[in-house]
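Everything below concerns the one structure shown next.
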Number of protein chains: 2
Amino acid sequence: MSVPVVSFVAKSGTGKTTLVEKLIREMKSRGHKVGALKHDAHRFEIDHEGKDSWRFTQAGADTTVVTSPEKMAMVKRYTAEPTIEETLDACFADVDIVLTEGFKRSSLPKIEIHRSECRRDLLCRGEYLDPALIAVASDEPLQIDVPLLNLDDIAALADFIEARFLR
Amino acid sequence: MSVPVVSFVAKSGTGKTTLVEKLIREMKSRGHKVGALKHDAHRFEIDHEGKDSWRFTQAGADTTVVTSPEKMAMVKRYTAEPTIEETLDACFADVDIVLTEGFKRSSLPKIEIHRSECRRDLLCRGEYLDPALIAVASDEPLQIDVPLLNLDDIAALADFIEARFLR
């Protein structure tokens, strides 16, 4: 795996997506090419306009692609879900860093997000001590064996990621 | 370019998308893995649910991917639009045939769709005799130097494509 990846994990309701969104903006503002990857266990539909690409996929196309001068969109169906490593190789060869959401059970480097309003135990420091945990982003002090970052200090989070993965 | 490609071209209003849609169904029913590719000169938005993947792209992600057990969706932004050959290589390595819509000016093998209600001259047989024209699918007889197929006979169109590209 060549592209650096950091995965944000949290209990649901912790605001993972909002944090990843803010970090994307911050990393972009620092000049990095950023990829974002999310696993959606549910069925999802793509194609906002419900237009031709949607029709092609509905008609059974295994892969549907729409290109424009600015961007491309692809929907690919598969019988066996690729591994995260395969997805990273296939989709993110041209970015500097990939921020992922979820993938709790993977061995990707992880930052766990913690909020005081959620239960105090951490996903990565429960019965299983996840060796891939590299930091915790929290809104309260915690006794923890990895760096503790301020959840609301996006710049500090970006600094940490840069120092760890982009230097 | 390793995967066979056939591009459907027509004047607007000829029902290109509907024909490609029908052909996808027909080719799938014959057991082929089918890719579909469309160029959209306009801006398009992706992500029907306006959810997390949309938020990541809006936040500036260069590439956003959502995976599920059944399919994956990717939106990639670029500063320079890839060539069609690059798109074919990157996206369609795992299908048997790609059906494209548009790409009038490419050198891809083309089938022009013609309807009697549209103007009689063909896009590929006007001032410029397009050497990539391999057939015309029409709802009326035409004097033409390439095979003439019945626009409404989807099975015959699929037979033609199979004979030409998949044997």
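Across identical copies of the chain, B:ASP94 has label-point separations of 2.0 nm, listed in ascending order, with the point defined 7 angstrom from Cα along Cα→Cβ. Between A:VAL98 and A:VAL5, A:VAL6, A:GLY35, the built amide H atoms are under 5 Å apart, and every one of these is 5 or more places off in sequence or on another chain. Loop exposure criterion: GluC sites (Glu not before Pro), DSSP state outside H, G, I, E and B, at most 10 other Cβ atoms within 10 Å. Applied to chain A, the longest stretch between such sites is A:1-116.
Relative to the longest principal axis of chain A, what angle (0 to 90°, nearest 10) does the C-alpha long axis of helix A:154-165 take? Tilt of helix A:154-165: around 80 degrees.
Dividing the Cα radius of gyration of region B:125-167 by its Kirkwood radius returns 1.00 for Rg/Rh.
Subtracting the Cα-Cα distance of B:SER116 and B:GLU85 from their residue separation scaled by 0.36 nm leaves 7.9 nm.
Report the rotationally averaged projected area of region B:7-163 based on its alpha-carbon convex hull, in square nanometres.
For the Cα atoms of region B:7-163, the hull's average projected area reads 11.1 nm².
Do the alpha carbons of any pairs in A:LYS38/B:LYS16; A:LYS104/B:LYS22; A:LYS38/B:LYS28; A:LYS16/B:LYS33 sit beyond 32 Å of each other, and which pairs?
Pairs exceeding the cut-off: A:LYS38/B:LYS16; A:LYS104/B:LYS22; A:LYS16/B:LYS33.
Springs between Cα atoms under 10 Å define the GNM used for chain B, and in it the highest mean-square fluctuation of B:LEU149, B:LEU88, B:LEU129 occurs at B:LEU129.
Against chain B, whose longest principal axis is taken from its Cα atoms, helix B:16-29 shows a tilt of about 80°.
A Förster radius of 56 Å, combined with the Cβ-Cβ distance separating A:GLN143 from A:GLN58, puts the computed FRET efficiency at roughly 0.60. Report the local net charge at A:ALA155: Lys and Arg +1, Asp and Glu -1, summed over other residues whose C-beta lies under 12 Å from its C-beta. Value of the local net charge: -2.
Each reported figure results from applying straightforward, stated rules to the coordinates on display, with no laboratory input. Just so it is clear, the structure is predicted and the values come from calculations on it, not from any experiment. Here Cβ is always computed from backbone atoms with ideal geometry, including for glycine, and neighbour counts include all displayed protein chains.
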